[in-house]
Amino acid sequence: MISRKLLAKIHIARQQLSMQDDDYRALLARVAGVRSATELGPRQIGAVLREFERLGFQSAPSPKTKGKPHNFNQLREEITKIEALLADLGLPWSYADSIAKRMFKIERCSWLKSPQHFEGIIAALHVEQKKQRLKAELEQLLDELGYHGAERSTLLEGLPKGWNRKIPIMKAVIAALYKERNEKTMYADIDKCEGDR
């Protein structure tokens, strides 16, 4: 049975090549003798992927492995924490490389030696994780309060440049939105109580 990862790769190839359903099924039948990708065996999967590549499909490395240090297994064990954080954030290894360059003037994670270097990159990735969580919370609150499109832009336009990368400002905006949401809820409850009388 085909793995979900390989099945996804086949569907990505199909989409990348803008292949219609009839053409896709004809390719499966011609190359592997099946009508559905779920029927593919291990050898057939390789043949189908090679045919997609012959037709122009380009498989991009996943963010998890693209640029991964060649000496990954020889680095300090903290490198696995960096890898996990990058995967959680959906960021490529080049992001960690840029942190290493900015913080320590070291071009690549593969060149790191000091425990402080690894800890510094982990700390920076934790900060990025926090920013992404705050951004998601902010977006959810704006949606809940009905701020969309131009109205959302107008609400946020008075904030300082780069506000959405600054944790204290994001926290202040979120606190103000929670206050607004709580007031709306309170007034809705009062209106409901008055309507019940």
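Values quoted throughout were computed directly from the atomic coordinates according to the rules given, and no laboratory measurement underlies them. Since we're looking at a predicted model, the values are computed, not measured. When we count neighbours, we look across all protein chains shown, and the Cβ atoms used for this are built from the backbone with ideal geometry, even at glycine.
Measuring max minus min along each principal axis, the C-alpha atoms of the stretch 38-135 give extents of 49, 34, 22 Å (largest first). Between V34 and A29, the built amide H atoms are under 5 Å apart, and every one of these is 5 or more places off in sequence or on another chain. If you wrap the tightest convex hull around every Cα atom of the chain and split its volume per residue, you get 244 Å³. Given in Å, the Rg to one decimal and the Dmax to the nearest whole number for the Cα atoms of the stretch 82-157 are 16.7, 50.
In the chain the longest region clear of GluC sites (Glu not before Pro) that are loop-assigned by DSSP and have at most 13 other C-beta atoms within 10 Å covers 1-76. Here the stretch 4-54 is treated as a Stokes sphere of Kirkwood radius computed over C-alpha pairs; at 4 °C and 1.567 mPa s its diffusion coefficient rounds to 122 µm²/s. Within the shell of other residues whose beta carbon sits under 14 angstrom from the beta carbon of I174, the net charge comes to +3, with Lys and Arg scored +1 and Asp and Glu -1.
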